[in-house]
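Okay, structure first, notes after.
The values are calculated or read from the model by the stated rules, or taken from the named source; none is laboratory data. Note that the structure is a prediction, hence the values are computed from the model and not measured. In this analysis, Cβ positions are derived from the backbone assuming ideal geometry, glycine residues included, and neighbour counts consider all displayed protein chains.
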Amino acid sequence: MALTPSTMLPLGTPAPEFQLPDVSGKTIRLADFRGAPALVVMFICNHCPYVKHLRSALATFGKAYQAKGVAVVAISSNDPVAYPDDSLEKMVTEAREAGYVFPYLFDESQSVAKSYQAACTPDFYVFDRDQKLVYRGQYDDSRPGNASAITGADLQGAVDAVLAGHPVATTQKPSIGCNIKWKPGNAPPYFG
């Protein structure tokens, strides 16, 4: 496990396009979320201990914020050949067992992770109504093995600000987690 921070994509970046299969078998596109007051994009996977640490909190976050009209989507971009626990079939099981009600998408080509400059799992992005990036970074200060409680303060604070029509604080902490498991020869130049 390589401990990796977010790359911190520049604020104001338009949400990169995606068109990916969901665990339900449907194809989900960025355009499906146009008009939402906020869009949260999470890069997660099934096997990462940093994601497992937040697993139930992510399910709760998804339910609570989707009820407020927020579009929430998770994407797994790990190489399923080298990491079979991150295959689409295992993602179906994980979404059901974790209670994820948001779309959980499979980025087999890893092109979407590259377009978001995602580097780790978990990695979080919040876009405003115009799908411009207003937050990128951590869920909160909690990590496996530290004494910090899981609160979601950083991510929820950003989404709450967007929903209230307030600016999101520009001082943002990168997420920390396992590196995205790139296919051989596929790691992007921004990665490590």
Taking segment 167-178 and keeping only residues that are free of Cβ contacts under 8 Å to residues at least 60 places away in the same chain, of a type outside the set (A, V, I, L, M) and under 15 Å from LYS132 (Cβ atoms), one is left with PRO167
Residues being farther than 19 Å from PHE18 by Cβ and among the aliphatic types (A, V, I, L, M): count how many of those fall in segment 59-76. 3
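So that you can scan it fast, the table gives a plain yes or no per residue for (1) over 17 Å from TYR139 (Cα atoms); (2) surrounded by fewer than 19 Cβ atoms within 10 Å (Cβ to Cβ); (3) touching a helix residue (DSSP H, G or I) at 6+ places or on another chain (Cβ under 8 Å); (4) aromatic (Phe, Trp, Tyr):
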site: SER6; (1), (2), (3), (4): no, no, no, no
site: PHE18; (1), (2), (3), (4): yes, no, yes, yes
site: LYS26; (1), (2), (3), (4): yes, yes, no, no
site: VAL41; (1), (2), (3), (4): no, no, yes, no
site: HIS47; (1), (2), (3), (4): yes, yes, yes, no
site: LEU54; (1), (2), (3), (4): no, no, no, no
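Select from segment 65-80 the residues that are under 19 Å from ARG129 (Cβ atoms) and either surrounded by 19 or more Cβ atoms within 10 Å (Cβ to Cβ) or not charged (D, E, K, R) (or both) and list them in ascending order. Even if it seems obvious, please write down each step before you answer.
Of segment 65-80, the ones under 19 Å from ARG129 (Cβ atoms) are 65-73.
Once the filter is applied, which keeps residues that are under 19 Å from ARG129 (Cβ atoms) and either surrounded by 19 or more Cβ atoms within 10 Å (Cβ to Cβ) or not charged (D, E, K, R) (or both), segment 65-80 yields TYR65, GLN66, ALA67, GLY69, VAL70, ALA71, VAL72, VAL73.
Identify, please: which residue in segment 163-191 is among the small types (Gly, Ala, Ser) and either out of contact with any strand residue (DSSP E or B) (no Cβ under 7 Å at 6 or more places or on another chain) or more than 16 Å from PRO5 (Cβ to Cβ) (or both) and is, among those, surrounded by the most Cβ atoms within 10 Å (Cβ to Cβ)?
To start, the set of residues in segment 163-191 that are among the small types (Gly, Ala, Ser) comprises 164-165, 169, 175, 177, 185, 187.
Restricting the remaining residues to those that are either out of contact with any strand residue (DSSP E or B) (no Cβ under 7 Å at 6 or more places or on another chain) or more than 16 Å from PRO5 (Cβ to Cβ) (or both) gives 164-165, 169, 185, 187.
Details: ALA164: 9, GLY165: 9, ALA169: 12, GLY185: 5, ALA187: 16.
Per the criteria, the residue is ALA187.
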Hey, can you tell me all the residues within segment 56-83 that are in contact (Cβ under 8 Å) with a residue 60 or more places away in the chain, touching a helix residue (DSSP H, G or I) at 6+ places or on another chain (Cβ under 8 Å) and of a type in the set (Ser, Thr, Tyr)? TYR65, SER77
Of the residues in segment 138-162, those that are surrounded by 22 or more Cβ atoms within 10 Å (Cβ to Cβ) and closer than 18 Å to LEU3 by Cβ come to GLN138, TYR139
Are there any strands (runs of 3 or more DSSP E) wholly within segment 91-192 with 2 or more residues that are over 16 Å from LEU54 (Cα atoms), and if so which? 104-106, 123-127, 133-137
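Taking ALA118, is it among the aliphatic types (A, V, I, L, M), modelled with pLDDT of 95 or more and touching a Lys or Arg at 6+ places or on another chain (Cβ under 7 Å)?
no
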